[in-house]
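Peer 1: Let me begin by handing over the structure; questions about it come next.
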Amino acid sequence: MSEGTAPPGWWREPDDEEAEAPSRPPEASPPPEAERAEKAHETQEPDPLATSASGPAPGPDGVEVSAPCWNCRAPVAPRDTRCASCGRARTHVLLVCSEPCLELRHGPGPPLRLGRHADWAPRTAAAFAGWNKVSRRHVSITVEPDGTAWAEEPEAGSRNGTYLNGARIAAGVRTPVRDGDQLRLGLRISFTVRLYGPGPGTG
């Protein structure tokens, strides 16, 4: 009989070294519930749906990304309806022309005048200086606080006409302008119209 074995039905008393470091018998019961829960917690993968926040994704340092004000370019928070810096509402119209390269933004208040007259249309006179097909007093664009926009030629009209989506507008008559419209001065100057409403997050 070998030294490490015992006859069937006998129990061999472990020596001192074996007693200091006992091994778990093969038929030992599983670890306690608390120990199993702790191990499961260590290996559990985080749930991406549980950790994702609802609403817009925050920017750096957890701050929501702001859009620049159309008037002064100061940052405007997504929930604000007015710029805290200049007080202008988010409501405005954007006119984009490819030739000449021109981008005009305008909000509620006095009309934006398009033409070649330096006093009547100060924002566009320089850009249209070499374009004789644009009248000196061609057309004005008005934006209302509710987000609607209107185009209107002076009572005297313009020599080359103003066209909205291909149809000539009548002189002295306010004509509604909508988002996506094409506004043409004469035959060659064409603007794409974009409207941004009064609600937050619209521009």
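The values are calculated or read from the model by the stated rules, or taken from the named source; none is laboratory data. It should be emphasised that the depicted structure is a prediction, and the values quoted were computed from it without experimental measurement. All Cβ positions, even for glycine, are placed from backbone atoms using ideal geometry, and neighbour counts span all protein chains on display. To get the accessible areas, we keep the full protein, side chains included, count just its heavy atoms, and leave off ligands, DNA and RNA. Shrake-Rupley method; radii C 1.70, N 1.55, O 1.52, S 1.80 Å.
Peer 1: For the stretch 139-159, enumerate the residues that are open to solvent by 20 Å² or more (accessible area, probe 1.4 Å) and under 35 Å from the mean Cα position of the chain (by Cα).
Peer 2: THR142, GLU144, PRO145, ASP146, THR148, TRP150, GLU152
Peer 1: Same structure, new question: For the stretch 121-138, enumerate the residues that are farther than 16 Å from GLY186 by Cα and open to solvent by less than 60 Å² (accessible area, probe 1.4 Å).
Peer 2: If the condition is that a residue be farther than 16 Å from GLY186 by Cα and open to solvent by less than 60 Å² (accessible area, probe 1.4 Å), then ALA121 is the only one that fits.
Peer 1: For residues that are assigned to a strand (DSSP E or B) and of a type in the set (Ser, Thr, Tyr), scanning just the stretch 158-186, find the one that is nearest to PRO111 (Cα to Cα).
Peer 2: The residue in question is THR175.
Peer 1: Filter the stretch 71-120 down to residues that are surrounded by fewer than 16 Cβ atoms within 10 Å (Cβ to Cβ) and of a type in the set (Ser, Thr, Tyr) and give me whichever is nearest to ASP179 (Cα to Cα).
Peer 2: Per the criteria, the residue is SER98.
Peer 1: Could you tell me whether the stretch 177-194 includes any residue that is within 29 Å of CYS83 (Cβ to Cβ), open to solvent by 40 Å² or more (accessible area, probe 1.4 Å) and in contact (Cβ under 8 Å) with a residue 60 or more places away in the chain?
Peer 2: Checked the stretch 177-194: at least one residue is within 29 Å of CYS83 (Cβ to Cβ), open to solvent by 40 Å² or more (accessible area, probe 1.4 Å) and in contact (Cβ under 8 Å) with a residue 60 or more places away in the chain.
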